[in-house]
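Before any comments, here is the structure.
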Amino acid sequence: TRTSTKPRDQLPSRKRHNPPDTVSTIKGQGPIARLQSEYLMRHERRTDLRLDEDYVEDWALRQFAFARRDPFHLDNHMRAQSEFLLEEAVVYRLEDGLNEAIQDLNTRFGISGPTHIPREKVGGEHRAVSSRDVRVSARLRAKLLEQYSADFEVFGYDR
């Protein structure tokens, strides 16, 4: 579902001039789920994997500190997704799946492209734990709400 509860004119202007008959899209992920996924991905090879709130919070706060010095830290995964949003972009959410986005693009362009995109990789399939198992403390949740406030608004995620 394409959602936006924050007027885009409140975000920094980012325009790209697309050739005719093209569209810019962005696929967002909820900030809390995104942090949980990033944590698990960065720790997937560890034999001493910790999922407790205190350890996760400490790790996340260190990453935010690194990202303040180097915005590209962890391949931009700690940056707000709204920082990459082009004014003309159509917003899709990862949680809604790619099929909805593909169907919308087919309709938008009047084409009969694929209507189903199979999932090739499901994060966590090979792990004993899911990113949902990564515990987020109340303090870290408050930090995420603050740090990614524009993402919650632009992508329409519940707080």
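Bear in mind that the values in this text are calculations on the coordinates, not laboratory data. Worth saying up front: this structure is predicted, and the values here are computed from it rather than measured. Neighbour counts are summed over all protein chains in view; Cβ atoms, including those assigned to glycine, are modelled from backbone coordinates with ideal geometry.
Between R159 and T22, what FRET efficiency follows from the Cβ-Cβ distance if R0 is 35 Å, with the result rounded to 0.05?
Step by step, r from the Cβ atoms, then E = 0.55.
Which whole-Hz couplings ³J(HN,Hα) result when phi for each residue of the range 67-83 is put into the Karplus expression 6.51 cos²θ - 1.76 cosθ + 1.60, θ = phi - 60°, listed in order with x for Gly and Pro?
5, 5, 7, 9, x, 8, 3, 6, 6, 6, 6, 9, 7, 5, 5, 5, 5
Apply the a/c threshold of 1.5 to the C-alpha gyration tensor of the range 36-77 and tell me whether it is rounded, prolate or oblate.
oblate
Once you have a ≥ b ≥ c as the square roots of the Cα gyration tensor eigenvalues for the range 37-139, tell me rounded if a/c is under 1.5, and otherwise prolate or oblate according to whether a/b is larger than b/c.
Values: a/c = 2.92, a/b = 1.62, b/c = 1.80.
Oblate, because a/c is 1.5 or more while a/b does not exceed b/c.
Sort the following peptides by mean Cβ neighbour count (other Cβ atoms within 10 Å, averaged over residues), highest first: 106-119, 139-152, 65-78, 30-43.
In decreasing order of mean packing, 106-119, 139-152, 65-78, 30-43 become 30-43, 139-152, 65-78, 106-119.
Compute the FRET efficiency between R132 and R68 as 1/(1 + (r/R0)^6), taking r as their Cβ-Cβ distance and R0 = 25 Å, and round to the nearest 0.05.
0.35
Considering amide H positions built from the backbone, and no H for Pro or chain starts, which residues 5 or more places from G28, or on another chain, come under 5 Å of its amide H?
Y92, R93, L94
Using r as the Cβ-Cβ distance of E146 and R108, and R0 as 35 Å, what FRET efficiency do you calculate, to the nearest 0.05?
Between E146 and R108 the formula returns 0.50.
Rounded, prolate or oblate: which fits the range 49-102 when a ≥ b ≥ c are the square roots of the eigenvalues of the alpha-carbon gyration tensor, with rounded for a/c under 1.5 and prolate only if a/b beats b/c?
Numbers: a/c = 3.73, a/b = 1.58, b/c = 2.36.
Because a/c hits 1.5 or more and a/b fails to exceed b/c, the range 49-102 counts as oblate.
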